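Undergrad: What follows is a structure written as structure tokens; I'll ask about it next.
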Amino acid sequence: MSTTPRWLNAEERRAWLAYVDFSTLLADHLNRQLRRDAGMTHSDYSLLAYLSMAPDGVLGMSELAQRLKITRSRLTHAVNRLREVGLVDRREDPADGRGQLAFLTEEGRALLVEVAPGHVEAVRRAVFDVLTPEQVRQFAEIGEAISDALHRAESTEADPAVLPWRRR
């Protein structure tokens, strides 16, 4: 049985294309800023930031992959790369002998302290300085509504292995 697609109307198309454009530009802007100022990607910065916010700077690899929305294999490569330069390390999870914990080293924490002000300024200039306080509130509500809907859809997924952070 064929159903007619629910095409986007003009305003929905405008919103969608604006999102696609700004999300691509913003990702590029933040990557360039972090490469220039710290020699790292935004993905690496996000990994370090998630660890820095965790109790004692430690997260299980599976939880970290879920937070970053990446495969565990990709996370392992990223952690190994950051481990080689002394920013993170890994150890066996004492609560689960099969699991691994990633943790932020003192060097990683020091780098974040050094780099975070410039990164926050780049985010502020690109996003928050061009929005009114009401737009910031709306932006947060819109992002939360979309995220909540996607999390609900994810929880009903028949095959959880299709989610990147559950794949090896």
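For (1) under 17 Å from residue 38 (Cα atoms); (2) among the basic types (Lys, Arg); (3) touching a residue at least 12 places away in the same chain (Cβ under 8 Å), each residue gets a yes or a no:
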residue	(1), (2), (3)
69	no, yes, yes
102	no, no, yes
123	yes, no, yes
143	no, no, no
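Undergrad: Could you pull out the residue among 36, 13 that is surrounded by fewer than 11 Cβ atoms within 10 Å (Cβ to Cβ), basic (Lys, Arg) and part of a helix (DSSP H, G or I)?
TA: 36
Undergrad: Considering (1) in a strand (DSSP E or B); (2) loosely packed, with under 13 Cβ neighbours inside 10 Å; (3) at pLDDT 90 or above, say which one residue 90 fails and leave the rest.
TA: (2)
Undergrad: Test of understanding: among 98, 124, which residue is in a strand (DSSP E or B), out of contact with any Cys (no Cβ under 6 Å at 6 or more places or on another chain) and loosely packed, with under 12 Cβ neighbours inside 10 Å? Don't jump to the end; show me each part of the working.
TA: Working: 124 fails: in a strand (DSSP E or B).
Just a single option satisfies the conditions, and that option is 98.
Undergrad: Okay, moving on. Could you count how many residues in the stretch 127-140 are under 18 Å from the mean Cα position of the chain (by Cα) and either modelled with pLDDT under 95 or exposed (fewer than 14 other Cβ atoms within 10 Å of the Cβ) (or both)?
TA: The total comes to 2.
Undergrad: Ok, one more. Would you check if there is a residue in the stretch 96-106 being among the charged types (D, E, K, R), under 30 Å from residue 15 (Cα atoms), at pLDDT 95 or above and out of contact with any strand residue (DSSP E or B) (no Cβ under 9 Å at 6 or more places or on another chain)? Steps first, please.
TA: If we filter the stretch 96-106 for residues that are among the charged types (D, E, K, R), which is where we start, we get 96, 98, 106.
Still in the running and under 30 Å from residue 15 (Cα atoms): none.
Within the stretch 96-106, none of the residues are among the charged types (D, E, K, R), under 30 Å from residue 15 (Cα atoms), at pLDDT 95 or above and out of contact with any strand residue (DSSP E or B) (no Cβ under 9 Å at 6 or more places or on another chain).
The values are calculated or read from the model by the stated rules, or taken from the named source; none is laboratory data. Computed from a predicted structure; not experimentally measured. Virtual Cβ from ideal backbone geometry, glycine too; neighbours counted across all protein chains shown.
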